[in-house]
1. Residue 16 fails exactly one of the following numbered conditions: (1) closer than 19 Å to residue 145 by Cα; (2) surrounded by fewer than 21 Cβ atoms within 10 Å (Cβ to Cβ); (3) in contact (Cβ under 8 Å) with a residue 12 or more places away in the chain. What is the number of that condition?
2. Considering only residues that are touching a strand residue (DSSP E or B) at 6+ places or on another chain (Cβ under 7 Å) and either within 14 Å of residue 76 (Cβ to Cβ) or crowded, with 23+ Cβ neighbours inside 10 Å (or both), which ones fall in region 38-50?
3. May I ask you to list the residues in region 47-102 that are in contact (Cβ under 8 Å) with a residue 60 or more places away in the chain and under 25 Å from residue 142 (Cβ atoms)?
4. Could you list, in sequence order, the residues of region 156-208 that are in a loop (DSSP other than H, G, I, E, B) and either at pLDDT 90 or above or farther than 22 Å from residue 56 by Cα (or both)?
5. Tell me the residue from 87, 55 that is buried (at least 21 other Cβ atoms within 10 Å of the Cβ) and within 26 Å of residue 148 (Cα to Cα), please.
6. Is at least one residue of region 122-133 in contact (Cβ under 8 Å) with a residue 60 or more places away in the chain, within 27 Å of residue 43 (Cα to Cα) and in a helix (DSSP H, G or I)?
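The values are calculated or read from the model by the stated rules, or taken from the named source; none is laboratory data. Everything numeric here is computed off the predicted structure, so don't read it as measured data. In this analysis, Cβ positions are derived from the backbone assuming ideal geometry, glycine residues included, and neighbour counts consider all displayed protein chains.
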């Protein structure tokens, strides 16, 4: 069950405050689209004493993400030097060991969460990009992983933002993504909008 007693600043004006246990996503096309959400999301976490983890992709690499955050988040170099945020390439996270493993990846997130709380942080704020998915088996495995997150996140002080490239998602993939997230951020006619699947509209309203 989601912890609604303490709301967190999402950093995203359209979304507002969200509860621990919120698992949402973003659909993007360009790097700027992606960064327009990632930068304020992580800025809010860093300014709120949350431990932050970003897993990058070949679309937006670790070096590119760090360069932008240094330029756009005040004091970012200090946050990074003090270990307040970690940025991993997907090969060192999702594909650690050479292939994707659902249980291993969930265990890695839980370890980060527990270490964050033990280290005096308010909780853990993360984002990952499954841009590396190249075949149906990997997609199906990752979809199962996204569903599994929902089974464990409720009792944790954890916020999860998953980012999906519209260049790699057709209608079936978009439907898979939507069923595993409370709501999505998507551009419509140049403006960001919140899109909620019918079954999740009540959950999103409670998280705002």
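1. Condition not satisfied by residue 16: (1).
2. Residues of region 38-50 touching a strand residue (DSSP E or B) at 6+ places or on another chain (Cβ under 7 Å): 38, 41-42, 44-46, 48, 50.
Passing the criteria: 38, 41, 42, 44, 45, 46, 50.
3. Residues of region 47-102 that are in contact (Cβ under 8 Å) with a residue 60 or more places away in the chain, as a first pass: 48-60.
Scanning region 47-102 gives 50, 51, 52, 53, 54, 55, 56, 57, 58, 59, 60.
4. Initial filter on region 156-208 (in a loop (DSSP other than H, G, I, E, B)): 156-157, 166-170, 180-183, 189-190, 196-197, 208.
Residues satisfying the conditions are 156, 157, 166, 181, 182, 183, 189, 190, 196, 197, 208.
5. On the way: 87 fails: buried (at least 21 other Cβ atoms within 10 Å of the Cβ).
Checking each option against the conditions leaves just 55.
6. no
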